[in-house]
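Nothing in this text is a laboratory measurement; each read-out follows from the coordinates by a stated rule. Just so we're clear, the structure is a prediction, and the values are computed from it rather than from any experiment. No Cβ is skipped: glycine too gets one built from the backbone with ideal geometry, and neighbour counts run over all protein chains shown.
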Amino acid sequence: MRSPAFLRNPTTFVIFGATAAFCTYACMYAFRRGITAVTFEGMTFAGVSYKIWLVTAQVFGYAVSKGIGVKVVSEMSPGRRAINILLFVGIALLALLGFALVPAPWNIVFLFLNGLPLGLIYGTMLGFLEGRRQTDTLVAGLTASFIFASGFVKTVALIIKADWGVSEFWLPFVTGSLFVVPMLISIYALTLLPPPTEDDRIQRTERRPMDATERSAFVGNFRVGLILLIASYVLLSAFRDFRDNFGPEILKDAGVENPGIFAKTETLVAVGVLIMMALLQRVTNNFRAFTLLNGLMLAGGAMVGLSTYAYTSGTLSPGNWFLLTGLGLYMAYVPCNGLYFERLIASFRYVSTVGFIVTLADWYGYLGSVGVLLYKNFGHANISYREFFINGAYILAVLYVVLVVASYIYFRMRFQQQATNQIAQQPLPTTA
């Protein structure tokens, strides 16, 4: 499809592209996060909280999806992206309908089926945005959406439940259905974006689908750094997902019961992170931008620990604590959902696709989320969600910082080695 003439203007292109990415992924959250707005209080299955079963099933489906996506997303041709997103969302909505119609506990499996296709969407969307001089701003719009949308969808679902009298089992399907039309419009907008230009390829490196051999070669080339980074990402992803899934329970135990707090806190976080990410577009040196991203990630990890200490010592209110832990988590989490790997690929001039690396990291990240859910329920069932969250914040703040520093040192050494090799390979100047 030929792109409209108005998208040739750089400013218009960035605004249009970031908005389309933001709206598409924000709508996707309506098909996923409606379940987290309710507690299913008093319901259990096999002695385990019913919500634990549902959230675990959905996150496990998401994790399995990421494993599938390592191949599917990395090999997907540009012409298949839009139709595949529509297919993934359609399957997810049908799964929510099955969840509403089939009685408990048999409907648990439909939450797994709901998460299974949705995990493929993020990596697919990155294909529309990566490899451009404006990718930092475009991905900032995309990642800001999942910060904002998480709280927004919770708030919308709670309002629907209160004002429309929708049952907890029908609530996820009704919430998702309200976003079908906006999702269709947003996906169409993405298809209008023109492909990367020659200047984009020169500055950010060519991006193309990767087969199994190319994926294996990439991982083998950066194995140590990727292991360290992905290990840190597992901690971060599991902790962020726990906060996202059990935000109502954490805040209720802390004495905050205002449903609007989700939209308020996550909107503030989204705006702050969006501004920081968008400003990176001004940094044209790719490894310098990569260094700044690592600094931002380290500051985010430290903020989680420091804000939690301030809260437990009584100097920070519960609402502000929840806000600052969210800001810290997303300062660290957002770069790894595109920009970290975007600048890494551009720094090393490695022809590949960001969607592959992000999906690979997400695969392990969501497996970690499942592990945390199981550990909380079976290892520390008597500890409240708030207390478990506090303990996790301290562990994250220490281990995460150590792993990120170690991975950065590795990539910096590799980059310096590559620069030295390039200088050594240059021909010596000839004398007259």
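In degrees between 0 and 90, to the nearest 10, how far off the longest principal axis of the chain does helix 135-164 point, with axes built from Cα atoms?
The helix 135-164 is inclined about 10 degrees to the chain.
Take Val102, Val139 and order them by how many other Cβ atoms sit within 10 Å, fewest up front. Don't jump to the answer; show the numbers that get you there.
On the way: Val102 14, Val139 29.
So the ranking, lowest neighbour count to highest, is Val102, Val139.
Over segment 316-432, what per residue volume does the convex hull of the Cα atoms give, in whole Å³?
On the way: hull volume 16.9 nm³, N = 117.
Here the figure is 144 Å³ per residue.
From the convex hull of the Cα coordinates of the chain, what is the mean projected area in square nanometres?
Numbers: hull surface 91.2 nm².
Result: a mean projected hull area of 22.8 nm².
Where the centre of each part is set by its Cα atoms, how far does segment 332-393 sit from segment 1-31, in angstrom?
26
Counting only trypsin sites (Lys or Arg not before Pro) that are in a DSSP loop and have at most 12 other C-beta atoms within 10 Å, tell me the longest site-free stretch of the chain. Walk me through the numbers on the way to the answer.
Working: sites that count: Arg2, Arg349.
Maximal segment without exposed cleavage sites: 3-348.
Using all Cα-Cα distances in segment 67-223, what percent lands in each 10 angstrom bin from 0 up to the longest?
9, 30, 33, 18, 8, 1
Cα axis of helix 50-75 to longest principal axis of the chain: angle in degrees, 0 to 90, nearest 10?
Here the helix axis deviates by roughly 20 degrees.
How do Trp106, Trp170 line up, fewest other C-beta atoms within 10 Å first? If you can, show how the numbers build up before the last one.
On the way: Trp106 10, Trp170 19.
So the ranking, lowest neighbour count to highest, is Trp106, Trp170.
So for Asp163, Asp136, fewest C-beta neighbours within 10 Å to most, what's the order? Numbers along the way, then the final one.
Numbers: Asp163 8, Asp136 24.
The most exposed by this proxy come first: Asp163, Asp136.
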